[in-house]
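Enquirer: Before I ask anything, here is the structure I am working with.
The values are calculated or read from the model by the stated rules, or taken from the named source; none is laboratory data. Since the structure is predicted, the reported quantities are computational estimates derived from the model, not experimental observations. We place every Cβ from the backbone using ideal geometry, glycine too, and count neighbours over all the protein chains shown. We work out accessible area using only protein heavy atoms, side chains counted, and drop any ligands, DNA or RNA first. Shrake-Rupley method; radii C 1.70, N 1.55, O 1.52, S 1.80 Å.
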Amino acid sequence: MHDVSLSSQIRVIAPARGIGGSVQLPGDKSISHRYALLAALASGTTRLTNFSTGADPWSSLRCGEALGATVVKTDDGTVEVTGTGGLFHAPGTPLDCGNSGSTMRMLAGLLAAQSGTFTLVGDASLSRRPMERVRKPLNAMGAEITLTDSHAPVAIAGRPLRAIDYTTPVPSAQVKTAVLFAGLQAAGTTKLRESIRTRDHSELALQAFGAEVDRTLDGASIRGGQSLSGIDATVPGDLSSAAFFLCATLLFPGSSLIFDQLSMNPTRAALLDVCTALGGRLGVLNLDEQHGELVGTVQMHAPEYGMRGAKIAGALSAQIIDELPVLAAIAPYTRDGITIRDASELRVKESDRIALVASNLRAMGATVEEFEDGLAVAGGQQLHGAQIDAGGDHRIAMAFAIAALRASGDTEIHGAESAAISFPEFFTLLDAVAQR
Ligand code: S3P
């Protein structure tokens with residue numbers, strides 16, 4: 001049943017005629033988390049410009065504060081973190097990770113080696129997400145981590161750690177990060193291998209804060225006992241937030257949109273390939289590198305005769321896992337449809353994203369086939385406005401605001417406030433670039 005909760009904030013999205021102008025996205029969520037957590041552990045002060053405005057990276061900052069770091073937001077929006085010089089203090093009360101799986105999993109890696117006991121808690125959604133995937137390698141390194149039925153709360157008794165050689169069983173940058181963050185503090189050299197290459201922000205951030213990380217095509221290794229020093233950095237614009245606007249642009253022949261200072265990290269940029277496969281034309285200007293992270297100005301032009309279609313599977317599904325909901329949401333407007341497979345991880349994100357995308361597309365009148373590991377959405381379908389249930393999931397709220405732009409009639413997004421988890425400015429920016 002398509003059950004829409006009535007207690008949450010509703011945003012009404014009217015159809016648009018096109019998209020135009022330029023946008024400057026807040027700092028990338030993944031990079032902001034890593035800078036926040038490493039800054040809290042490092043010696044000295046880290047100054048972060050364009051830090052994410054999303055609630056999730058602020059959960060990382062607040063946890064860092066509870067562990068002894070000082071966090072100051074200056075008048076010009078810069079976030080200054082003065083770190084603990086490698087020694088967290090145990091706060092005695094639970095560390096609240098909110099809705100943020102990144103905070104919980106990556107912080108577990110840092111805390112595993114610290115002396116004291118720590119408890120990580122989260123909201124109802126986070127408390128349903130799998131945590132065994134971090135418990136297993138960290139316990140193998142000598143930490144004592146206890147879960148409740150494989151879920152949060154995550155109780156950590158920090159211990160001196162020993163290095164391991166670990167192959168991640170699921171492609172997960174968060175698990176990779178937990179192991180590397182623990183390895184930074186372990187005796188010996190920790191090796192992390194992955195069969196599908198996930199985002200490499202942790203490797204780059206560790207290097208930026210002064211650690212040596214050896215990288216290979218299938219992983220990374222880190223020697224324990226290295227210390228970190230604070231940095232000055234500008235966080236590149238968030239490509240996963242840009243995804244909503246890239247897809248919105250593709251919907252309207254003749255539209256184009258410019259993205260300033262956008263993250264162009266190659267391990268994140270596969271979405272741009274998919275946009276191009278759908279028929280979008282892409283221009284990249286002013287490529288630059290900051291602390292190993294690529295940044296550029298991107299212009300996306302919509303395909304002249306409408307979007308083609310795409311089959312997304314294998315490693316590609318893992319690489320664009322956060323962008324799959326919005327791609328599925330625009331799929332009915334393609335010519336050949338979009339099929340997504342090998343994406344069962346979508347079922348254990350902030351919501352079961354496969355089920356929610358399917359039920360919301362159906363509410364808008366689309367025909368959708370649902371698989372355990374993905375979806376097939378036929379092309380050539382016209383959607384109508386409907387009541388959308390965001391299910392407390394930021395990416396579902398935003399994905400369907402984009403689908404709504406080409407529907408006939410208005411669409412109500414119920415639970416629109418959840419966009420603030422990663423992108424509080426989303427609805428304001430959408431109003432600014434949507435031509436009506
Ligand atoms: C993230 C990794 C991905 C992604 C999440 C952010 C990160 O999760 O879905 O939004 O910053 O490392 P997994 O590590 O669970 O795949």
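Enquirer: When only Cα pairs under 8 Å and 6 or more residues apart are kept, what is the percent relative contact order across segment 29-233? Display every interim value, and only then the final one.
Expert: Values: 502 pairs, mean separation 43.0, N = 205.
Averaging sequence separation for qualifying contacts and normalising by length gives 21 percent for segment 29-233.
Enquirer: If you don't mind, there's one more thing I want to ask. If you roll a 1.4 Å probe over segment 29-233 with all protein chains in place, what percent of the accessible area is carbon or sulfur? Don't jump to the answer; show the numbers that get you there.
Expert: Details: 3650 of 7440 Å².
Ligands and nucleic acids excluded, carbon and sulfur reach 49 percent.
Enquirer: How far is helix 101-111 tilted off the main Cα axis of the chain, in degrees rounded to 10, range 0 to 90?
Expert: 10
Enquirer: Using only helices, what value at 222 nm comes out for the chain when you add -39,500 (n - 2.57) per DSSP H run of length 4 or more and divide by the total residues, to the nearest 500 deg cm²/dmol?
Expert: -8500 deg cm²/dmol
Enquirer: Which links in K73/K349; K29/K311; K176/K349; K29/K136; K136/K191; K191/K349 stretch past 20 Å when you go from one Cα to the other?
Expert: Among K73/K349; K29/K311; K176/K349; K29/K136; K136/K191; K191/K349, the Cα-Cα distance tops 20 Å for K73/K349; K29/K311; K29/K136; K191/K349.
Enquirer: I've got another one for you. How far apart, in nm, are the 7 Å Cα→Cβ label points at Q9 and N139?
Expert: Taking the simple label geometry, Q9 and N139 are separated by 4.0 nm.
Enquirer: Follow-up question, since we're still on this one. Would you kindly calculate the translational diffusion coefficient of the chain, applying Stokes-Einstein with the Kirkwood radius from alpha carbon pairs, for 37 °C and a viscosity of 0.692 mPa s, and quote it in µm² s⁻¹ without decimals?
Expert: Rounded, D is 150 µm²/s.
Enquirer: Sticking with this one: What Kirkwood radius, in Å to one decimal, follows from the Cα pairs of segment 229-287?
Expert: Computed over Cα pairs of segment 229-287, the Kirkwood hydrodynamic radius comes out at 12.7 Å.
Enquirer: Just how many % of Cα pairs in segment 29-233 lie over 29 Å apart, if you round to the nearest whole percent? Don't skip to the answer; put the middle values down first.
Expert: On the way: 2937 of 20910 pairs.
Above the 29 Å cut-off, segment 29-233 has 14 percent of its Cα pairs.
Enquirer: Sticking with this structure for a sec: Can you tell me the equivalent ellipsoid semi-axes for segment 19-102? Use √(5λ) from the Cα gyration tensor, largest first, whole Å.
Expert: Working: eigenvalues 123, 45, 18 Å².
With the √(5λ) rule applied to segment 19-102, the semi-axes are 25, 15, 10 Å.
Enquirer: What is the spin-label model distance, in nm, from H151 to D336 if the labels are put 7 Å beyond Cα along the C-beta direction?
Expert: Taking the two extended label points, one gets 4.1 nm.
Enquirer: Also, quick follow-up: Quick check for me: using +1 on Lys/Arg Cβ and -1 on Asp/Glu Cβ, what's the dipole size of the chain about its Cα centre, in debye to the nearest 20?
Expert: On the way: 35 positive and 45 negative charges, 121 e Å.
Magnitude of the dipole: close to 580 debye.
Enquirer: Let me ask something else about it. What's the FRET efficiency of S408 with V170 using the Cβ-Cβ distance as r and R₀ = 35 Å, to the nearest 0.05?
Expert: Calculated transfer efficiency: 0.30.
Enquirer: For the charge dipole of the chain, defined by +1 on Lys and Arg C-beta atoms and -1 on Asp and Glu C-beta atoms about the Cα centroid, which residue among T334, F427, A242 has the Cα displaced farthest towards the positive pole?
Expert: Positive-end residue among those listed: T334.
Enquirer: Putting +1 on Lys and Arg Cβ atoms and -1 on Asp and Glu Cβ atoms, find which of L180, L111, I164 reaches farthest to the positive end of the dipole of segment 29-233.
Expert: Going by the charge dipole, the pick is I164.
Enquirer: Per residue of segment 315-324, in order, report the coupling 6.51 cos²θ - 1.76 cosθ + 1.60 (Karplus, θ = phi - 60°) as ³J(HN,Hα) in whole Hz, putting x for Gly and Pro.
Expert: 4, 4, 4, 5, 6, 10, 4, 6, 9, 4
Enquirer: Mind ranking 306-318, 379-391 by how tightly packed they are, going by the mean number of other C-beta atoms within 10 angstrom, highest first?
Expert: Final packing ranking: 379-391, 306-318.
Enquirer: Leaving ligands, DNA and RNA out of it, work out the accessible area of I421 with a 1.4 Å probe and give it in Å² to the nearest 10.
Expert: 30
Enquirer: Here is a further query. So what's the gap between the Cα centers of segment 244-274 and segment 144-210, to the nearest angstrom?
Expert: Centre-to-centre (Cα) distance: 31 Å.
Enquirer: Separate question: Might you report the magnitude of the Cβ-based charge dipole of segment 169-252 about its Cα centre, with Lys and Arg at +1 and Asp and Glu at -1, to the nearest 20 debye?
Expert: Numbers: 7 positive and 8 negative charges, 48 e Å.
Result for segment 169-252 is approximately 240 debye, rounded to the nearest 20.
Enquirer: Of the listed peptides 59-67, 36-44, 402-410, what is their order by residue-averaged count of other C-beta atoms within 10 Å, with the highest listed first?
Expert: 36-44, 59-67, 402-410
Enquirer: Amide H neighbours of R129 under 5 Å, counting only residues 5+ apart in sequence or on other chains, H built in-plane at 1.01 Å?
Expert: Residues meeting the criterion, in which the H sits 1.01 Å from N, are A152.
Enquirer: Rank T168, T339 by accessible area, highest first, at a 1.4 Å probe radius?
Expert: T339, T168
Enquirer: To continue, here is another question. Short version: ³J(HN,Hα) in whole Hz for each residue of segment 28-37, in order, from phi by Karplus 6.51 cos²θ - 1.76 cosθ + 1.60 (θ = phi - 60°), x for Gly and Pro, what are they?
Expert: Each residue's phi maps through the Karplus curve to give 4, 5, 5, 5, 4, 4, 5, 5, 4, 6 Hz.
Enquirer: Give the share of C-alpha pairs in each 10 angstrom bin for segment 280-400, from 0 to the last occupied bin, in whole percents, shortest bins first.
Expert: Reading upward from the zero bin: 13, 39, 32, 14, 2.
Enquirer: Same structure again: Per residue, how much accessible area does the chain have with a 1.4 Å probe, in Å²?
Expert: Normalised by residue count, the accessible surface of the chain is 36 Å².
Enquirer: Can you give me the long-range amide H partners of D336? Hydrogens built in the peptide plane at 1.01 Å from N, cutoff under 5 Å, separation of 5 or more residues or another chain.
Expert: G309
Enquirer: Roughly how many debye, to the nearest 20, is the charge dipole of segment 29-233 about its Cα centre, given +1 on each Lys and Arg Cβ, -1 on each Asp and Glu Cβ, and no other charges? Show your work: numbers first, answer last.
Expert: Details: 20 positive and 18 negative charges, 102 e Å.
The calculated dipole for segment 29-233 is roughly 480 debye.
Enquirer: Share of antiparallel DSSP beta bridges in the chain, in percent to the nearest 5?
Expert: The antiparallel fraction comes to roughly 70 percent.
Enquirer: If we count every other residue with Cβ under 14 angstrom of L251's Cβ, Lys/Arg +1 and Asp/Glu -1, where does the sum land?
Expert: +4
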